[in-house]
Amino acid sequence: MPDPFSLSVIVPVWTEAAGVTDTLRALQPIRNRGHEVVVVDGGSTDRTVELARPLCDRVVVSEKGRALQMNAGAAVAKGDLLLFLHADTRLPEEALEHLVSFVHSRRAWGRFDVRLSGERPLFRVIAWFMNQRSRLSGICTGDQAMFVRRDVFDALDGFHPMPLMEDVEFSRRLCLVSHPFCIKEPVVTDSRRWQKYGAWRTIFLMWQLRWRYWRGESPESLAQIYRSDVRNASK
């Protein structure tokens with residue numbers, strides 16, 4: 001039986017040559033069921049586009065920035081359901097079956113629970129708090145593979161073109177339409193950021209940025225703080 005919806009998986013990428021092949025290979029079962037995968041490159045200088053092209057339905061070149069790239073992907077997508085997937089995140093095998101349940105619901109949008117790769121117990125704790133916070137607040141982060149009905153995405157004019165917090169901001173507007181449809185089976189996102197910069201340091205940074213955003217600080221200034229912290233952690 002064909003799926004009762006057409007899905008477009010939109011994957012924003014930038015210099016992802018090391019992992020883009022594995023990411024897109026994992027999406028081939030979705031393509032085999034008649035859905036599409038759109039890769040949106042933000043100006044990579046490595047082999048990302050070359051490696052991605054044979055494993056997706058379309059490659060779009062956009063200005064760099066997740067909000068801009070995801071909007072560019074949505075503009076060419078053919079599906080009536082849009083799913084935004086980070087390049088370091090894997091959908092569960094039963095993702096399409098869960099999305100069928102969503103389509104038959106009255107919700108306008110949704111997201112998956114998230115699990116961090118790796119075996120450290122702390123990663124399980126971090127993921128649990130991320131999922132509980134999201135379930136209580138209705139706010140989704142990009143790591144949770146947000147999905148939204150196409151007509152709702154268009155009515156809300158998609159993501160605001162901002163350098164940080166575009167997922168949080170869009171979630172706030174989506175919550176005015178409906179509560180999210182929360183899928184408990186998790187996506188798995190790469191824990192490399194947490195390992196590279198330190199789990200506790202990353203937790204503190206993420207909470208600091210969200211707190212300052214809720215207090216009204218501009219995404220532009222928060223992006224500068226984020227970039228400065230990452231550079232310092234890399235030294």
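Read-outs: derived from the displayed coordinates by stated rules, not from any lab. In this text the structure is predicted, and so the values were computed from the model without any measurement. Note: ideal-geometry Cβ built from the backbone for every residue, glycine included; neighbour counts use all protein chains shown.
Projecting the Cα atoms of Leu27, Pro2, Leu68 onto the charge dipole of the stretch 1-95, computed from C-beta unit charges around the Cα centre, puts Leu68 farthest toward the positive end. Set the Förster radius R0 to 25 Å, insert the Cβ-Cβ distance between Thr45 and Ala155 as r into 1/(1 + (r/R0)^6), and round the FRET efficiency to 0.05. Efficiency for this residue pair is about 0.10. Hydrodynamic radius of the stretch 3-135 by the Kirkwood approach over all distinct alpha-carbon pairs: 15.7 Å. 3J(HN,Hα) along the stretch 53-65: 3, x, 10, 9, 8, 7, 10, 10, 9, 9, 4, 5, x Hz, from the Karplus curve 6.51 cos²θ - 1.76 cosθ + 1.60 with θ = phi - 60°, whole Hz, x for Gly and Pro.
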